[in-house]
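In what follows, a structure is listed as structure tokens, so that the remarks can point back to it.
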Amino acid sequence: MKIYNTLTNKKEEFVPVENGKVKMYVCGPTVYNYFHIGNARPLIFFDVVKKYFEYIGNEVILVRNITDLDDKLINRSLEENIPVSVVAEKYTKAFFDDCKALDITPADHHPKATEYINDMINLIKELEEKEFAYEVNGDVYFSVSNSKDYGKLSGKKLEDLQAGARVEANKQKKHPADFTLWKKAKQGEPKWTSPWGEGRPGWHTECVVMSRKLLGGTFDIHGGGIDLVFPHHENEIAQAKASNNQKLANYWMHNGYLNIEGEKMSKSLDNFFTARDILKKYDPEAIRFFFLSKHYRSPIDFNENIIIESSQAVKNFYNTLKSADYLNIKDKEFEYSEVHQQHKNSFISAMNDDFNTAKAISVLFDITKAYNKTKDSAFIHLLIELGNVLGFFTNMEEKLSNSLNDVSGELVELLISYRNRFKKEKNWEMADKIRNDLKEMGITLKDTPEGTDWNIEK
Ligand SMILES: [Zn+2]
């Protein structure tokens, strides 16, 4: 299988350090707010990477860290007037809740930065002894000038970084690209005792320490969003190399940006959508489909129309599964023939080519078409098997048993159309009455841009 490696700028044959085992570290959230839809991309993508490696017979260890110590958390604690630890706790919980809502399988380890402070201090001490770090007034910096390959991952040159530095750059640093390993504590900030006085480690040190601690010397894949290539990942590589002259990871994988209506998402553009806001309107499988229908390295444009199309595509899969009466055939025996195997091979070769999920999804469409033509239920089993690898169709019992028999379902749809009519006529009393009466019968309505969905409460 081939993986595009940011470190070499090319697709390379994937060879794990240990045969049959894949060790991955993906930079996790800084827990100071609800994560936005752009952050959902690496979560969903690397979830699929893990699932696929497992599908083809590997044992996978995935680490996704929690950065619970950072300037952003400190600022949020001042804003909300609550301790940093409470900020961290609140948004860590929110992170796990939102991941669950997005149907992302938890990583094998979720190390928190604050639990590894001693190891971080030890690494900084080691870097200082090896003359890759220097202390100025209680702050400790990494000296990039001493680091031979600095800039290899991001393709940046030290001279250019020097030239591009702003005039008001930190005067304590020997080189403008030198980065903070240890930060002296200001009044009221969280702090730990160290050889350089009270303070806290920098973000770039956190990830080196936690990844090595949990995955060993050199592990297989380090991943994250493309915005992390510089300086974060570049700085991780520099520290690892300086400390033991070992590679931190063999393959560096980065997913592309998410644009909102053509513009890069940012808070200032007022296009800051949290994942939880979007989940109020759209089904998690539609969001997953939206991301996976593009190659992970391409930028992706988020707009309402594409999400509506994604919802429709997912609905079509479910219509096929319903028409195939999946719940009744799921335990029946079946056999894949050559034609099924061909579809499966197409799926595997798409995924083996640097995780081309867009192509893999098109195979799911082909399988659906083949089923609709032949009514051969082995296609349905194949659709579920391969869909599961991409994280679809994980909750079939609930999804499919939710529908009443056809006539009752049509009656609910009829009532919804009356309710829409009343809403148009601004007859809120009747519109609400229909909603409430249905609710009493255990049927809840959910208004979405594509219309009203209904569900039977358990
Ligand atoms: Zn990181």
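The values are calculated or read from the model by the stated rules, or taken from the named source; none is laboratory data. Because the structure is predicted, anything quoted here is derived from the model rather than measured. Using ideal geometry, Cβ is built from the backbone for each residue, glycine included, and neighbour counts are taken over all protein chains shown.
Checking segment 245-261 against the condition returns no match, with no residue being within 11 Å of the ligand (Cβ to nearest atom), modelled with pLDDT of 95 or more and of a type in the set (Ser, Thr, Tyr). Out of 212, 276, 297, one residue alone is over 30 Å from residue 381 (Cβ atoms), of a type in the set (D, E, K, R) and within 16 Å of the ligand (Cβ to nearest atom). It is 212.
Taken as a whole, the structure places residue 359 among residues that are touching a strand residue (DSSP E or B) at 6+ places or on another chain (Cβ under 9 Å), over 18 Å from residue 444 (Cα atoms) and not assigned by TED's automatic domain parsing to the domain that holds residue 439. With the structure loaded, tell me whether residue 223 is within 13 Å of the ligand (Cβ to nearest atom) and in contact with a Phe, Trp or Tyr (Cβ under 8 Å, 6 or more places away or on another chain) or whether it fails that test. Here the answer is yes, as residue 223 does meet what is asked. If the condition is being within 16 Å of the ligand (Cβ to nearest atom) and within 18 Å of residue 94 (Cα to Cα), then segment 10-37 contributes 27, 28, 29, 30, 31, 32, 35. Looking across segment 38-71 at every residue that is in a loop (DSSP other than H, G, I, E, B) and within 16 Å of the ligand (Cβ to nearest atom), the one that is nearest to residue 106 (Cα to Cα) is identified as 65. Would a scan of segment 72-93 turn up a residue that is crowded, with 22+ Cβ neighbours inside 10 Å and in a loop (DSSP other than H, G, I, E, B)? No, segment 72-93 has no match at all.
Any residue that is surrounded by 17 or more Cβ atoms within 10 Å (Cβ to Cβ) and outside any loop (DSSP other than H, G, I, E, B) - is there at least one of those in segment 4-15? The answer is yes; a qualifying residue exists.
Listed by position, the helices (runs of 4 or more DSSP H) contained in segment 334-451 that have at least 3 residues being among the acidic types (Asp, Glu) are 406-424, 428-440.
Looking at 273, 230, 290, just one residue is surrounded by fewer than 23 Cβ atoms within 10 Å (Cβ to Cβ), hydrophobic (A, V, I, L, M, F, W, C) and within 17 Å of the chain's Cα centre (by Cα), and that residue is 273.
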